[in-house]
Amino acid sequence: MIMLIKAAAIGCSSQYIRRLESSQFFRVYPVDASSLFCLDATKNLARMKVDIFLINVEKKGEQGFSLTRTIRRFSRAVLILLGRHKSRHFVSRALSMSDGYCLNGVSPEELRLVFLAAYSGRLFVAPPTALPIEGDVVSIEALPPEQRRLVKANPLSNCELQILKLVSLGYCNRQIAQKLYISEATVKTQLRSIYTKLAVNNRVSAVVQALRCGIVF
């Protein structure tokens, strides 16, 4: 028997909602975001008994990110953001406050896989085989508490933090080297150290993991 996933859809088109409903995977509850005019209304939304919140941050913009932060505070449901941007900065920001990021129009089948991955504690971008983000594809495990403690016990150096900040802004190794007056070889060495400390293996994952660990830059 296939599990029916109950989803609250915020800012999603009626056409996309019908597409999800017509699949065998989802029961969708559309939410009019314009009615979420106060904190109490958003808190009540967060307390809906659903398995997943879908928020179209492309359509809702900063309001969508604000809703995301509030829902995250009051709900343990899986939280997936939808958008059309592929930039490292946008995707990193989306993943820092959610369980996954999908391109608008992601198929019900792919969305189900993302939900199952997020439900098991993984951080996901979908479609995983079709969404290159400036050369990177994200699929990383969320850090367990002991790993978070290890990151805090083995913090990034000032140089590593500077490099990570520039990475989050989309700078390539050559630009980072020029900005910090160091060699590209040094940048590559520092990046390897960053990846080791954050338990990741690419640039996007490093930025996302740093945000999720509370490393502020």
**OP:** Working carefully through the options 78, 91, 114, 57, find the one that is under 18 Å from residue 12 (Cβ atoms) and either out of contact with any helix residue (DSSP H, G or I) (no Cβ under 6 Å at 6 or more places or on another chain) or surrounded by fewer than 16 Cβ atoms within 10 Å (Cβ to Cβ) (or both).
**Re:** 114
**OP:** Write out, first by first residue and then by second, each pair whose Cβ atoms fall under 7 Å of each other, whose residues are 6+ apart or on separate chains, and whose first residue, in segment 180-200, is without any contact (Cβ under 8 Å) to a residue 12 or more places away in the chain while the second is surrounded by 16 or more Cβ atoms within 10 Å (Cβ to Cβ).
**Re:** 183/177; 184/173; 184/177; 195/206
Subject >> Some residue of segment 142-155 being part of a helix (DSSP H, G or I), surrounded by fewer than 15 Cβ atoms within 10 Å (Cβ to Cβ), modelled with pLDDT of 90 or more and at negative phi >> reply: no
Subject >> Looking only at segment 60-75, and only at residues there that are surrounded by fewer than 16 Cβ atoms within 10 Å (Cβ to Cβ) and either out of contact with any helix residue (DSSP H, G or I) (no Cβ under 8 Å at 6 or more places or on another chain) or not hydrophobic (A, V, I, L, M, F, W, C) (or both), the one that is farthest from residue 94 (Cα to Cα) >> reply: 73
Subject >> Residues of segment 56-84 satisfying the condition of being in contact with a strand residue (DSSP E or B) (Cβ under 9 Å, 6 or more places away or on another chain) and part of a loop (DSSP other than H, G, I, E, B) >> reply: 75, 77, 84
Original post:
Out of curiosity, is residue 85 farther than 19 Å from residue 21 by Cβ and out of contact with any Leu (no Cβ under 8 Å at 6 or more places or on another chain)?
Top reply: yes
Original post:
Is there any pair linking a residue in segment 63-84 that is free of Cβ contacts under 8 Å to residues at least 40 places away in the same chain to one that is among the basic types (Lys, Arg), with Cβ under 8 Å and at least six apart or on different chains, and which?
Top reply: 65/93; 70/43; 74/43; 74/47; 75/47; 79/72
Original post:
Among the residues of segment 157-180, is there at least one that is surrounded by fewer than 18 Cβ atoms within 10 Å (Cβ to Cβ), outside any helix (DSSP H, G or I), at pLDDT 80 or above and not assigned by TED's automatic domain parsing to the domain that holds residue 104?
Top reply: yes
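State whether one or more residues within segment 55-68 are in contact with a Cys (Cβ under 6 Å, 6 or more places away or on another chain), of a type outside the set (D, E, K, R), assigned by TED's automatic domain parsing to the domain that holds residue 114 and at pLDDT 85 or above.
Looking for residues that are in contact with a Cys (Cβ under 6 Å, 6 or more places away or on another chain), of a type outside the set (D, E, K, R), assigned by TED's automatic domain parsing to the domain that holds residue 114 and at pLDDT 85 or above, one finds at least one in segment 55-68, hence yes.
The values are calculated or read from the model by the stated rules, or taken from the named source; none is laboratory data. Note that this is a predicted model, so its numbers are computed, not measured. Methodologically, a virtual Cβ is constructed for each residue, glycine included, from the backbone with ideal geometry; neighbour enumeration extends over all protein chains shown.
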